[in-house]
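The values are calculated or read from the model by the stated rules, or taken from the named source; none is laboratory data. Remember, it's a predicted structure, so these values are computed and weren't measured experimentally. Here the Cβ positions follow ideal geometry from the backbone for every residue, glycine too, while neighbour counts run over all protein chains shown. Areas reflect the complete protein model, heavy atoms only, side chains present, ligands, DNA and RNA absent. Shrake-Rupley method; radii C 1.70, N 1.55, O 1.52, S 1.80 Å.
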Amino acid sequence: MPLRSGRRLLGLCAAAALTVTAWVTAPAPAARAAPGSPAVTPPLGWNSWNSFGCGITEAQVRQAADAMVSSGMRDASYRYVVVDDCWFDPQRDAAGHLRANPATFPSGMKALGDYIHDKGLKFGIYQAPNEKTCAQGVGTYPGSTGSKGHERQDAATFASWGVDYLKYDWCSSGGTRDEQVARFTLMRDALRATGRPIVYSINPNSFHAITGDTYNWGEVADLWRTTEDLLDIWQNGNTNSYPMGVGNVLDVTAPLAAQSGPGHWNDPDMLVVGRPGLSLTESRSHFALWALMAAPLMSGNDIRTMSADVSEILRNPRLLAVNQDPLGAGGRRVRDDGDTEVFAKALSDGSVAVGLFNRGNGTTTVTTTAAEAGLAGGSFTLTDLWTGGTSDTSGRISASVPAHGVAVYRVTGGSPLAATTSRLRGGGSGRCLDVDNASTAAGATVLIWDCHTAANQLWTTWAGGEIRVFGDTCLDAYDQGTADGTRVVTWPCNGQDNQKWTLGPDGSIRNVHAGLCLDTDGSGTANGTPLVLWTCDGRAGQQWTRV
């Protein structure tokens, strides 16, 4: 099913014994990495576009590489220096090869790559899968030098220049999603064929009907943009259209956490930390939330002149460790109370990183528990990921959080609670349990659809009986119904028995409140058949297997 995500205001989810750690301790088999992916952790680096746009020059890139070293960003694990659009000659050479613009990149791209490599850094570059790059398509840069029809030639050129990272931007209103999949795959295969481990970053969104959150691109690329461009705006009224703010991008990306992991990363766009539109508190929150989501961290500020405060945010060793944790778990929003939210990200040592987020316009106290974060037990240590200070708790995690702020902790102690993330395939239809249109709204219809790997078919089953999707939304018997034919929907998790289910050895999924089984309406098997509750009788439509 197509996905469509948007913000909603939810009631308080009960702080029951929820697990985040086990959601991702064993990554869901449905979420796979693109073949040969070299991005085992989210890439860290700097991109030229936000600061320099089409005015980028070789001198500026070399200065940025120097600043990566002198500022301590390289030592903090930032590696990629990515030259975005407008680096190239407006026309290819007589043999069809790309070449640098001689006026702005006089030494050529091989020499620039060598300079970057000599600094202990990695070299990134930009291209597009159509006839024109983004700047050429909108008329701000001349020529027509996109990679369409030149995929293998361009991939070989990039490899010969020592390129380590390719940003590949659709940037066209034309083409279907299937055409995007095919063309993005062409370049992926061309890059892999060079034998050079080039990180493949795609943007299927710009100037196109939004597809980054409507398809799991993890089988095509190493990282993929989930939204339109992020600007240095805190929040605006857009759901998923240009321009987007930090809160807008967060709301689209957070529900997709289950499809992210080693070698395949949701990309909520380059960081706007330190850009003039955000306050220092908002920059801190932006960075912390991207770290919790296991997002690529590509700085977009002018690192040559950044302030000490901004440098300190970008180089925070505790948050970088959370982002780069080898488990690769995407941090999930486990509770959404409107102005306050709770995020939790499982870590490879059994601890959990917890974010207490205040969207509101005044200071407020945000509280959660170790159980809600995914840990059982009665004695825990909290490490403040901003200050490094530690404290002990029996399970309560609470902080006074300023407007637009995030308090972040690493919670150690106890033991992870158990849960399993997978698709659920119907025995009668061979199709999978699916949230219609990937809606994150309360009351969204649950139905069956051809099995795929996107987030609206990734369900987490809990020992406590909840079956969750999108992190903070539960499979629910509508209006606590107990009659045959009761609709099955998704609803903000609230701990009630109509959101609790028993998985039987015969493959049945029985609602605790109603005592009825999850079934397809009218025993239907076609795409779009809604789910209902029905008297348990062992029919094929009531049998479900994890896949």
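When residues of segment 361-372 are filtered for being modelled with pLDDT of 95 or more and open to solvent by 10 Å² or more (accessible area, probe 1.4 Å), how many remain?
Residues flagged as modelled with pLDDT of 95 or more and open to solvent by 10 Å² or more (accessible area, probe 1.4 Å) within segment 361-372 amount to 7.
Identify, please: which residue in segment 261-284 is among the polar types (S, T, N, Q) and open to solvent by 10 Å² or more (accessible area, probe 1.4 Å) and is, among those, nearest to Gly360 (Cα to Cα)?
Our first condition is that a residue be among the polar types (S, T, N, Q); within segment 261-284, this holds for 266, 279, 281, 283.
Next, only the ones that are open to solvent by 10 Å² or more (accessible area, probe 1.4 Å) stay: 279, 281.
On the way: Ser279: 15, Thr281: 13 Å.
For segment 261-284, the residue satisfying everything is Thr281.
Residues in segment 402-457 that are more than 20 Å from the chain's Cα centre (by Cα) and either at pLDDT 95 or above or not aliphatic (A, V, I, L, M) (or both): how many? Walk me through it before giving the result.
First, the residues of segment 402-457 that are more than 20 Å from the chain's Cα centre (by Cα): 402-405, 407, 409-419, 424-433, 436, 442-451.
Okay, now just the ones that are also either at pLDDT 95 or above or not aliphatic (A, V, I, L, M) (or both), so 402-405, 407, 409-416, 424-433, 436, 442-451.
The total comes to 34.
Which one is nearest to Pro326 (Cα to Cα) among residues in segment 341-359 that are buried (at least 17 other Cβ atoms within 10 Å of the Cβ) and free of Cβ contacts under 8 Å to residues at least 60 places away in the same chain?
So, considering only residues that are buried (at least 17 other Cβ atoms within 10 Å of the Cβ) and free of Cβ contacts under 8 Å to residues at least 60 places away in the same chain, the one nearest to Pro326 (Cα to Cα) is Val354.
What's the number of the only condition in (1) open to solvent by less than 10 Å² (accessible area, probe 1.4 Å); (2) part of a strand (DSSP E or B); (3) among the charged types (D, E, K, R) that Lys167 fails to meet?
Failed condition: (1).
Return the residue satisfying two criteria in turn: it lies in segment 68-113 and is open to solvent by less than 10 Å² (accessible area, probe 1.4 Å) and closer than 30 Å to Ala308 by Cβ, and of such residues it is farthest from the chain's Cα centre (by Cα).
Among those that are open to solvent by less than 10 Å² (accessible area, probe 1.4 Å) and closer than 30 Å to Ala308 by Cβ, it is Leu112.
Within the group Leu447, Leu518, which residue is of a type in the set (A, V, I, L, M, F, W, C) and either over 30 Å from Glu219 (Cα atoms) or surrounded by fewer than 22 Cβ atoms within 10 Å (Cβ to Cβ) (or both)? Steps first, answer last, please.
Details: Leu447 fails: either over 30 Å from Glu219 (Cα atoms) or surrounded by fewer than 22 Cβ atoms within 10 Å (Cβ to Cβ) (or both).
Exactly one of Leu447, Leu518 is of a type in the set (A, V, I, L, M, F, W, C) and either over 30 Å from Glu219 (Cα atoms) or surrounded by fewer than 22 Cβ atoms within 10 Å (Cβ to Cβ) (or both), namely Leu518.
Yes/no matrix, rows are residues, columns are (1) open to solvent by 20 Å² or more (accessible area, probe 1.4 Å); (2) in contact with a strand residue (DSSP E or B) (Cβ under 8 Å, 6 or more places away or on another chain); (3) assigned to a loop (DSSP other than H, G, I, E, B); (4) at negative phi:
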residue: Thr211; (1), (2), (3), (4): no, no, yes, yes
residue: Ala221; (1), (2), (3), (4): no, yes, yes, yes
residue: Ile233; (1), (2), (3), (4): yes, yes, yes, yes
residue: Gly237; (1), (2), (3), (4): yes, no, yes, yes
residue: Tyr242; (1), (2), (3), (4): yes, no, yes, yes
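Return the only residue of Thr461, Thr486 being farther than 18 Å from Ser439 by Cβ, buried (at least 16 other Cβ atoms within 10 Å of the Cβ) and modelled with pLDDT under 95.
Details: Thr486 fails: modelled with pLDDT under 95.
It is Thr461.
Based on what the data block shows, is Thr545 under 19 Å from Leu458 (Cβ atoms), part of a strand (DSSP E or B) and either without any contact (Cβ under 8 Å) to a residue 24 or more places away in the chain or polar (S, T, N, Q) (or both)?
Details: under 19 Å from Leu458 (Cβ atoms): yes; part of a strand (DSSP E or B): yes; either without any contact (Cβ under 8 Å) to a residue 24 or more places away in the chain or polar (S, T, N, Q) (or both): yes.
Yes: the conditions hold for Thr545.
Return the only residue of Thr57, Thr21, Thr41 being at pLDDT below 95 and either over 21 Å from Val163 (Cα atoms) or open to solvent by 20 Å² or more (accessible area, probe 1.4 Å) (or both). Walk me through how you get there before you give the answer.
Details: Thr57 fails: at pLDDT below 95; Thr41 fails: at pLDDT below 95.
Only one candidate qualifies: Thr21.
Can you tell me which residue within segment 398-428, out of those that are among the polar types (S, T, N, Q) and open to solvent by less than 30 Å² (accessible area, probe 1.4 Å), is farthest from Asp472 (Cα to Cα)? Outline the logic, then answer.
Of the residues in segment 398-428, the ones among the polar types (S, T, N, Q) are 398, 400, 412, 415, 420-422.
Imposing the further condition that a residue be open to solvent by less than 30 Å² (accessible area, probe 1.4 Å) reduces the set to 421-422.
Values: Thr421: 14, Ser422: 16 Å.
Restricting to residues being among the polar types (S, T, N, Q) and open to solvent by less than 30 Å² (accessible area, probe 1.4 Å), the top hit is Ser422.
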